[in-house]
Amino acid sequence: MNSLSTTAILVFANSAKEDLANKQIPHGEQLFDVLTQTTLKKAKKTGLPVFHFSDKDQVGATFGERFTNAIASVFERGFSNIITIGNDTPHLKTQHLKHTAQQLAMGKTVIGPSNDGGFYLLGLQKSNFQAAEFQNLPWQRFSLYHQISLWLQEESSELIKLPVLQDLDNERDLESILSFSSGLSSTILLLIIGLLKRSRSLYYTKQNFSKLLPNYFLYNKGSPTVSFI
């Protein structure tokens, strides 16, 4: 059995209803559902085994406990490497996942930083997974990326960092991500625009939207700022 065949992908993503309750994006249930389904499709395109842990499958009182238990559960199925992702990074590509799997096969650890101080992807080897220490990291805090990077560098021989990507946690993130709209699917783009139109804190004017849509459909070839290298 080669190294790639011992790697699995964990999609740690709540149901749309739970996301709606926890994220500051009113009326975003349809967007959350589409994001999850899109993420699962990207993961399955790698050909690797994919496990989706929604809030119905997670065990633990805190985020750290639930995330740690989900990772441990996948490792207990016999996998040596795991790639963990959420559902809130629209610019994540299948190629990011394939590249991570290749790096794990070479004994490296991988992290994809998000612009809010956390991460959107973690590629981890079972031999480097210390559940107690992992669980006690500063989850859902701005210092998470810094702290987990230090921890990973201590546990692994080499840490590979992917490009920084924007994730979606609130309405301001919706506005920000439209700056890189050429990397989004038309479905996600239109859902984001619809949510912003409903918001009282609308950042873009109707003129901005009317300019954005034609440009998206005519020139959607990917943004060099967010594309995988």
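The values are calculated or read from the model by the stated rules, or taken from the named source; none is laboratory data. In this text the structure is predicted, and so the values were computed from the model without any measurement. Positions of Cβ are backbone-derived with ideal geometry, glycine not excepted, and every protein chain shown enters the neighbour counts.
Which ones in segment 120-168 are of a type in the set (D, E, K, R) and closer than 15 Å to Ile71 by Cα?
Correct list: Lys126, Glu133.
Quick one: what pairs do we get from segment 90-113, first residue touching a residue at least 12 places away in the same chain (Cβ under 8 Å), second assigned to a helix (DSSP H, G or I) and crowded, with 17+ Cβ neighbours inside 10 Å, C-beta under 6 Å, 6+ apart or different chains?
Taking only residues 6 or more apart or on different chains, the pairs are Pro90/Ile188; His91/Gly183; Thr94/Lys42; Thr109/Leu152; Val110/Thr100; Val110/Gln103; Pro113/Tyr145.
Tell me the residue from Gly123, Gly118 that is at pLDDT 95 or above, in contact with a helix residue (DSSP H, G or I) (Cβ under 8 Å, 6 or more places away or on another chain) and surrounded by 13 or more Cβ atoms within 10 Å (Cβ to Cβ), please.
Going through Gly123, Gly118 in turn, the sole match is Gly123.
Out of everything in segment 83-103 that is among the hydrophobic types (A, V, I, L, M, F, W, C) and over 22 Å from Ser15 (Cβ atoms), what residue ends up being nearest to the chain's Cα centre (by Cα)?
So, considering only residues that are among the hydrophobic types (A, V, I, L, M, F, W, C) and over 22 Å from Ser15 (Cβ atoms), the one nearest to the chain's Cα centre (by Cα) is Leu97.
For segment 137-169, give me each residue that is aromatic (Phe, Trp, Tyr) and under 24 Å from Lys126 (Cα atoms).
Of everything in segment 137-169, those that are aromatic (Phe, Trp, Tyr) and under 24 Å from Lys126 (Cα atoms) turn out to be Trp139, Tyr145, Trp151.
Every residue in segment 130-174 that is surrounded by 13 or more Cβ atoms within 10 Å (Cβ to Cβ), among the aromatic types (Phe, Trp, Tyr) and either touching a residue at least 40 places away in the same chain (Cβ under 8 Å) or under 25 Å from Asn22 (Cα atoms) (or both), please.
Phe134, Trp139, Tyr145
Residues Thr84, Thr62, Thr68: which one is in contact (Cβ under 8 Å) with a residue 60 or more places away in the chain, crowded, with 19+ Cβ neighbours inside 10 Å, farther than 26 Å from Ser176 by Cβ and polar (S, T, N, Q)?
Going through Thr84, Thr62, Thr68 in turn, the sole match is Thr68.
If Val164 satisfies every condition in (1) at pLDDT 90 or above; (2) touching a helix residue (DSSP H, G or I) at 6+ places or on another chain (Cβ under 8 Å); (3) among the β-branched types (Val, Ile, Thr) but one, which is the exception?
Only one criterion in (1) at pLDDT 90 or above; (2) touching a helix residue (DSSP H, G or I) at 6+ places or on another chain (Cβ under 8 Å); (3) among the β-branched types (Val, Ile, Thr) is unmet by Val164, namely (2).
List the pairs whose first member sits in segment 178-200 and is in contact (Cβ under 8 Å) with a residue 40 or more places away in the chain, whose second member is exposed (fewer than 14 other Cβ atoms within 10 Å of the Cβ) and part of a helix (DSSP H, G or I), and whose Cβ atoms are under 7 Å apart, counting only residues at least 6 apart or on separate chains?
Between residues of segment 178-200 that are in contact (Cβ under 8 Å) with a residue 40 or more places away in the chain and residues that are exposed (fewer than 14 other Cβ atoms within 10 Å of the Cβ) and part of a helix (DSSP H, G or I), the close pairs are Ser182/Tyr219.
Going residue by residue through segment 51-58, is there one that turns out to be under 20 Å from Gln140 (Cβ atoms) and either surrounded by 20 or more Cβ atoms within 10 Å (Cβ to Cβ) or of a type in the set (Val, Ile, Thr) (or both)?
Yes, because at least one residue in segment 51-58 is under 20 Å from Gln140 (Cβ atoms) and either surrounded by 20 or more Cβ atoms within 10 Å (Cβ to Cβ) or of a type in the set (Val, Ile, Thr) (or both).
Can you pull out every residue in segment 15-38 that is crowded, with 17+ Cβ neighbours inside 10 Å, more than 17 Å from Tyr120 (Cβ to Cβ) and either of a type in the set (D, E, K, R) or outside the structural domain of Thr89 (by TED's automatic domain parsing) (or both)?
Asp33
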